[in-house]
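Each remark here refers to the structure printed beneath this line.
Where a number appears in this text, it was derived from the coordinates with a stated rule and is not lab data. As the structure is a computational prediction, the values presented were derived from the model and not from experiment. Cβ placement follows ideal geometry from the backbone for every residue including glycine, while neighbour counts extend to all protein chains displayed.
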Amino acid sequence: MTTASMMRRLLFLVLGLTGLVALPVAAQQQGRAPAAPPKEEVPFWAIGRPSSGPGASMAPVPAFPIPTPADKLPIAKLKLPRGFKAEVFASDVLDARGLREGDKGTVFVSSLFVAGKIYALVDQGGRRQVKTIAEKLMLPNGIEFHKGSLYVATPKQVLRYDNIESTLDNPGPPAVVYESLPGDVPHGWKFIKIGPDGKLYVPVGAPCNICEPSPDTHAHIRRINLDGSGMEIVARGVRNTVGFDFHPRTGELWFTDNQRDWLSEDLPQDELNRVTKIGQHFGFPYCHQGDFADPQFGWGKACEDFVKPAALLGPHAAPLGMRFYTGTMFPSRYHGAIFIARHGPWNKSKKFAADVVVAFLDRAGRVRSVEPFLTGLVENNGYLGRPVDVHVMKDGSLLVSDDHAGAVYRITYSP
Amino acid sequence: MTRRRAARAAPPSSRLGAALGLLLAALPAAAHAQTFEARLAACLACHGVDGASSIPGTPSLGGQPAFFLITQLFLFREGRRDNEAMTAAATPLTNDDLRAFADAIAKLPPPSPPATPPDPARFARGRAQAGRRFCGACHGADYSGREQVPRLANQREEYLLAVMRGFRAGTRIGYGPAMSEALVGLADEDLRDIAHYLAHLPRP
């Protein structure tokens, strides 16, 4: 071998090593350009998506990155049953999502994509000051207050800020309670709550519109001990729950669940569900709304094999936060009923919901009826506001968060 | 115009350096004192006075919807897009500034297709892939964008690719969840084809 050819070989070797990333890509591109068969199949998550007409150009509904000023909030548009009154509890709360109340009266508000912050609303002589207590968090939608601590859940972690109401101006770094979450962005944001068993309930949504993820990692609600140990799956076949609560008498877990997009304007309906036994399966991705097998994943499956919803809450209506009414301010027919915030659909050409409905239960704990409670936020096929969470205050009034206008409303009753 | 020609002739690294230098030089003044026009000129020094950027990695802003522009200025101001220069530029902006800059920049004309024609095979693959992914459902059939959804037509190819890679890797969190869902399962060569197609869309 001549020196020149050795040098050439050496040069090739060096080029090959340094070009490890670039060379295979270039080779693939060269190799497949003439022969690659066209991939004509629709990606799994877009199955059912129309290729023309109004459905073909539907996009998520955006919230403006600047909150609606207090004097422009749609408070006068809100409609409530007789005797109820709505007021602005706090304005300038950009992307207001989850609501919790501290022992000392602080109201905590979470946010999601737009703000990525946790706020504390502090009473200052009847006016609410909005303090940002944490920011630049990854989709911090899930919050819970328990024994002086604020828990915050991102798609990947559960964090805990101790003694939070005494450290609102400088909470310091949180403790990491739990990190064994998948961390996906799609449906990865959380709603969290501590149950009557003292455990923290944490959902993991399906990382897609429709797919069949591993049931042990996704599409379920799990519970953990407050130190992050003892993970146990309590409900399966859950696509994306962003609201749940525990029956004040029986302790049963009830949850809202957002069903798949794109099948139709009117199908499937979103669900209110009731867990009567640990580990029950609620249908996703095989069966929707209790009686409708998925056109892709439902073949060979029977809806009878899954737990049926306790109530249907409307197609694409996006029911999110929900609470049993445990106060005494409202009339007795509301005691033990469930208030549910419906965000309102993006995946429906005619917008509706963006309201709070109330589900009344009978003595056996079955849903007797679902009635409108707070309405008036849909105008010209768009939203003036979009309720996300509800919270029963210690005085029995009801807070409603609105991530579209960036505000929190308070509902009171006087006969 | 002279500045843009000079920038085009320089190698990419020094062009980027020059652009950053210009931007940073404009910053202290941007917070106070300067007229709105002067502050806007500092933006357009990099992004292009005619709506078309000639700096690699710096997007063209012409034809972008005002809603999209304000969401991005907001994310930069909040330090939630990974770009120190833009965060520094946006930090002093008030809410009224955000509105004013978004509205002014939205008036710039859309960029033109590049002078060099596309690679026909890549263009065709990109078009097919974008169609299968329903990109045009939100971004518009002509990819001109709307509301919070950006214009993609004739955006710089390497910028489109970098943005898609960021969404796919989860390093860029959008103003909403749509993009992290839309790119699931796409290979890097798919993203390259889509970027090539969108950058080279013919003028409608």
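Points worth noting:
- Inter-chain Cβ neighbour count for A:139-145, averaged per residue, equals 0 (cutoff 10 Å, partner chain atoms only).
- Net charge over other residues, Cβ less than 15 angstrom from the Cβ of A:ASP362 (K, R count +1; D, E count -1): +4
- FRET efficiency, A:ASP216 to A:GLU371 (Cβ-Cβ, R0 22 Å, nearest 0.05): 0.05
- Sequence-ordered 3J(HN,Hα) estimates for region A:132-142 from the Karplus curve with 6.51, -1.76 and 1.60 and θ = phi - 60° stand at 8, 9, 7, 8, 6, 8, 7, 6, x, 6, x Hz, glycine and proline given as x.
- For peptide B:143-156, the mean count of partner chain Cβ atoms within 10 Å of a residue's Cβ comes to 1.
- Exceedance of the 21 Å cut-off in Cα-Cα distance is limited, within the set A:LYS85/A:LYS117; A:LYS85/A:LYS394; A:LYS136/A:LYS190; A:LYS156/A:LYS190; A:LYS72/A:LYS348; A:LYS117/A:LYS190, to A:LYS85/A:LYS117; A:LYS72/A:LYS348.
- Taking N as the residue count of region B:71-204, its C-alpha radius of gyration divided by 2.2 N^0.38 Å amounts to 1.09.
- Per-peptide packing, taken as the mean over residues of other Cβ atoms within 10 Å, places B:113-124, A:239-250, A:157-168 in the sequence A:239-250, A:157-168, B:113-124 from highest down.
- Region B:72-204, relative contact order in percent, only Cα pairs under 8 angstrom and at least six apart counted: 29 percent
- Between region A:147-204 and region A:211-290, the alpha-carbon center distance in angstrom: 19 Å
- Evaluating 6.51 cos²θ - 1.76 cosθ + 1.60 at θ = phi - 60° for every residue in region B:82-90, the Karplus couplings come out as 6, 7, 5, 4, 5, 5, 4, 5, 8 Hz, glycine and proline recorded as x.
- Charge tally for A:PHE84 (other residues, Cβ to Cβ under 15 Å; Lys, Arg +1; Asp, Glu -1): +2.
- Taking Cβ atoms as reference points and 12 Å as the exclusive limit, the residues near A:LYS301 contribute a net charge of -4, counting Lys and Arg as +1 and Asp and Glu as -1.
- Computed over the protein assembly as shown, the per-residue total of -39500 (n - 2.57) for DSSP H runs of n ≥ 4 gives a 222 nm mean residue ellipticity of -7000 deg cm²/dmol, rounded to 500.
- Against chain A, whose longest principal axis is taken from its Cα atoms, helix A:22-32 shows a tilt of about 80°.
- Working ranking of peptides A:86-98, A:399-411, A:142-154, A:123-135 by packing, defined as the average number of other Cβ atoms within 10 Å per residue, highest first, is A:399-411, A:86-98, A:142-154, A:123-135.
- Scanning residues 5 or more positions from A:ALA407 or on other chains, those with amide H under 5 Å from its amide H are A:VAL93, A:ALA96, A:ASP402, with H placed 1.01 Å from N in the peptide plane.
- Nearest-ten-degree value, helix A:3-18 long axis tilted from longest Cα axis of chain A: 10 degrees
- Positive dipole terminus of chain A, leading residue within A:THR167, A:LEU200, A:LEU313 (C-beta point charges): A:THR167
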